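The values are calculated or read from the model by the stated rules, or taken from the named source; none is laboratory data. Treat the numbers as computed from the prediction; the structure is a model and nothing was measured. Note that each Cβ is placed from the backbone with ideal geometry, even for glycine, and that neighbours are counted across all protein chains shown. The area values use the complete protein model at the heavy-atom level, side chains included, leaving out ligands, DNA and RNA. Shrake-Rupley method; radii C 1.70, N 1.55, O 1.52, S 1.80 Å.
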Amino acid sequence: MATRNALVQNSPSVGRPREFDMDEALDGFVRVFRERGYHATSIGNLSAETGLTAGSLYKAFDDKHAIFVAALDHYIVRRAADLDVLLTKQSCGRDKVRAVLRFYADVSHGKEGRSGCLVVSSALLLGTLDDDVAGIVSRAMQRLESLLRVLLKQGQADRSVAGGLNVETIARCLFAMLQGLRVVGKLGQGRADMMAGVDEAMRLLE
């Protein structure tokens, strides 16, 4: 069980119970897990980031693993929502594919990039050891690759993407590139280099 309540009341000592906003807490958990990784993160780190006592955390979650699973779900949902907003502004399949690539390039450089991707780090560190995390990561990655296939097919339908392309193959290539951006972003690669890579990847659609 990841959480017990969407909005949690707690009373760490005598006095009035206080409430905390679960979304704000999850944002804090995500920051810590991205920066420190799962194994190096303690309940104390999570408490310090959010201002919540260990008792409050244990009233809302079963253990650190449950906090991590909830944070990972939250991270995936937030990123998907941000990407959806960008896609609604694009008029053709080709532009939507470019928007996906640029979105990942934008979140993969600078401070944001060095913080890393919680999905990719989970796949590398926990994916083979933790069935719950492996399932979440697998579904998230499958959704991204599926989205790329859908957008490529839209592009072929509206003639913004070459009709003779093998959609399955191109989608896999673009998917692999996106994961690579998240990895090299940890090493400090700049935005210009990433955007240059996006421009070259778009040539695959011609």
Residue under evaluation Gly93, criteria (1) closer than 30 Å to Phe33 by Cα; (2) touching an Asp or Glu at 6+ places or on another chain (Cβ under 7 Å); (3) crowded, with 19+ Cβ neighbours inside 10 Å, criterion not met: (1)
Residues located in the stretch 43-67, provided they are within 25 Å of Leu124 (Cβ to Cβ), small (Gly, Ala, Ser) and free of Cβ contacts under 8 Å to residues at least 12 places away in the same chain: Gly44
Any hit, the stretch 98-106, residues being in contact (Cβ under 8 Å) with a residue 12 or more places away in the chain, β-branched (Val, Ile, Thr) and either touching a Ser or Thr at 6+ places or on another chain (Cβ under 8 Å) or outside any helix (DSSP H, G or I) (or both): no
Among the candidates Leu52, Leu46, Leu86, residue that is assigned to a helix (DSSP H, G or I) and open to solvent by less than 20 Å² (accessible area, probe 1.4 Å): Leu46
